[in-house]
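Report on the following structure.
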């Protein structure tokens, strides 16, 4: 019995490790955040396995069944849509329960969006905090205040339709001249990294409607 956490490519299908492919071929079943998305990856590597949906809407419901299957000796791999399970993706609940039940868990190293975004932004990467997605409503102002006073680099995830609004709010709390970077479509054909002040980034993306998955890097307070 064992649960494997498998980082999946954030764009380019070539960004999966040889070991990850070997594990996916060897397990009894694969848990997928979205079976359609994972299906594309699995088909590319000619992997045919039983797929079980595992996402934020059903993870509580199917947890007892999965734990029972693991205790019976089965091995499972968990794939989320892009990046490493548990990083702004489902996975924590299952891992915590496996730890409680003394079921071995192994997370393979691999893709996650915020690491390449941080490193290629040119903003200090020796000390940083990862905040994931900001709260949409409750707690948002508190989170922005914390970012404004944070001396370490802050990393955020954001959706395209909220990017300009979030940049505007960061300007209000951090100041227009705070250095930042916006990385989008990482590893894909139209990958883009824009750096500059928060104000210049807001102006750019007001004119150029962003698409794709987005990482925002905000420099720390000086």
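Modelled label positions at residue 125 and residue 17, each set 7 Å beyond Cα in the direction of Cβ, lie 1.8 nm from each other.
Take every Cα pair under 8 Å whose residues are at least 6 apart in sequence, average their separation, divide by the length of the range 2-107, and the relative contact order is 44 percent.
Short-range pairs are left out: with C-alpha atoms under 8 Å and at least six residues apart, the relative contact order of the chain is 22 percent. Remark: the range 2-107 projects, on average over all directions, an area of 5.9 nm² (convex hull of Cα atoms). Could you calculate the FRET efficiency of residue 37 with residue 194 from 1/(1 + (r/R0)^6), where r is the beta carbon distance between them and R0 is 25 Å, rounded to 0.05? For R0 = 25 Å, the calculated efficiency reads 0.40.
Compute the separation of the alpha-carbon centres of the range 32-52 and the range 158-201 and state it in Å as a whole number. Answer, in whole Å: 32.
Return the calculated 222 nm mean residue ellipticity for the chain, to the nearest 500 deg cm²/dmol, obtained by summing -39500 (n - 2.57) across DSSP H runs with n ≥ 4 and dividing by the residue count.
-11000 deg cm²/dmol
Principal-axis analysis of the Cα atoms of the chain puts helix 198-207 at an angle of about 80° to the longest axis.
On the beta carbon distance between residue 206 and residue 100, with R0 = 45 Å, the FRET formula returns roughly 0.40. Please give the helix 163-174 orientation as an angle from the longest Cα principal axis of the chain, in degrees from 0 to 90, rounded to the nearest 10. So the inclination is approximately 60 degrees.
Peptides 203-216, 21-34 ranked from most to least packed by the mean count of surrounding Cβ atoms within 10 Å: 21-34, 203-216. May I ask you to derive the FRET efficiency for residue 138 and residue 176 from their Cβ-Cβ distance with R0 = 25 Å, giving the value to the nearest 0.05? That pair, residue 138 with residue 176, gives E of 0.40.
Within the listed set 68, 148, 180, the residue fluctuating most in the Gaussian network model of the chain (springs between alpha-carbon atoms under 10 angstrom) is 68.
Read the figures in this text as sums done on the coordinates, not as results from a lab. This is a predicted model, so every value here is computed, not measured. No Cβ is skipped: glycine too gets one built from the backbone with ideal geometry, and neighbour counts run over all protein chains shown.
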